[in-house]
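Trainee: Here it is, the structure in full.
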Amino acid sequence: MPSPEALTDRWSALLRRCGATVDPEPYGRDLLGRWAEPQRRYHTTDHLRAVLDHVDALAGYADDPDAVRLAAWFHDAVYKPDRSENEERSAALAVRALTEAGLPAARVAQVARLVRLTVTHRPEPGDRDGEVLCDADLAVLGATPEAYTAYAAAVREEYAFVPDEDFRAGRAAILRQLLALPALYRTPAALERFDAAARANLAAELGRLEG
């Protein structure tokens, strides 16, 4: 598995490429510290790395791939399972950090918009950057059955404070909403690679929850 240093190098190269006027490393250390917080079981540095890899694979569909990469770094940077404003607080962190780092205001605003989009994962038609970020974030749904089961178990661990009956009801509602979408993925590559497997995984989990 790649080392934390590899992620730090990725971050530093990205921030410099985007025009940072400060040393990127302290910002990277702060972000990686957030992604390694003890309450996380799924939303960890492994998830960050996976989303970044999927963004790289789908970068050809984006209008501003580096804005999408920055959004990937920040999209779950603030994550408290018992709070509902994680995405908004993550977006605010992105604005503060990237502005301090000297990035142009327009790109900072785009990154914050993309982070907020992960509340719904429903980009507007033509929002190519939003499509890439959402597809990368939801790629786990189209993993192998074994990897999906591990993902679902990790999510349950993050919500260990929720009674089982309440969790099952809430999780089932989310799964039904996802299955009702006309398309889980927007980019052609993600649609082809992940959609069928994702629907099978979601349906199987829903069956277990309702069984």
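Trainee: Could you grab the pairs with beta carbons closer than 7 Å, sequence gap of 6+ or different chains, first residue in the stretch 128-148 and without any contact (Cβ under 8 Å) to a residue 60 or more places away in the chain and farther than 16 Å from L52 by Cβ, second one among the β-branched types (V, I, T) and surrounded by 23 or more Cβ atoms within 10 Å (Cβ to Cβ)?
Mentor: none
Trainee: Kindly establish whether D82 is in contact (Cβ under 8 Å) with a residue 24 or more places away in the chain and under 21 Å from G130 (Cα atoms).
Mentor: When the stated conditions are applied, D82 does not pass them.
Trainee: Give the residue, chosen from A112, A204, A101, A139, that is within 18 Å of the chain's Cα centre (by Cα) and more than 21 Å from R83 (Cα to Cα).
Mentor: A139
Trainee: Which count do you get for residues in the stretch 174-196 that are open to solvent by less than 50 Å² (accessible area, probe 1.4 Å) and closer than 20 Å to L133 by Cβ?
Mentor: 10
Trainee: Hey, does the stretch 171-185 have a residue that's more than 15 Å from the chain's Cα centre (by Cα), assigned to a loop (DSSP other than H, G, I, E, B), modelled with pLDDT of 95 or more and not hydrophobic (A, V, I, L, M, F, W, C)?
Mentor: The answer is no; no qualifying residue exists.
This table checks each residue for (1) within 15 Å of T187 (Cα to Cα); (2) in contact with a helix residue (DSSP H, G or I) (Cβ under 7 Å, 6 or more places away or on another chain).
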position: D46; (1), (2): no, no
position: R49; (1), (2): no, yes
position: V55; (1), (2): yes, yes
position: A62; (1), (2): yes, yes
position: V68; (1), (2): yes, yes
position: A72; (1), (2): no, yes
position: N86; (1), (2): no, no
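Trainee: So V78 fits all but one of (1) farther than 21 Å from P125 by Cα; (2) of a type in the set (A, V, I, L, M); (3) part of a helix (DSSP H, G or I); (4) open to solvent by 10 Å² or more (accessible area, probe 1.4 Å); what number is the exception?
Mentor: (3)
Trainee: In addition: May I ask you to say which residue of L32, L58, L15 is assigned to a helix (DSSP H, G or I), open to solvent by less than 30 Å² (accessible area, probe 1.4 Å) and either closer than 23 Å to A150 by Cα or modelled with pLDDT under 95 (or both)?
Mentor: L32
The values are calculated or read from the model by the stated rules, or taken from the named source; none is laboratory data. This structure is a prediction, so every number in the text was calculated from the model and none was measured. Counting neighbours? That spans all protein chains shown, and the Cβs are built from the backbone with ideal geometry, glycine included. Accessible surface areas use protein heavy atoms only, side chains included; no ligands, DNA or RNA. Shrake-Rupley method; radii C 1.70, N 1.55, O 1.52, S 1.80 Å.
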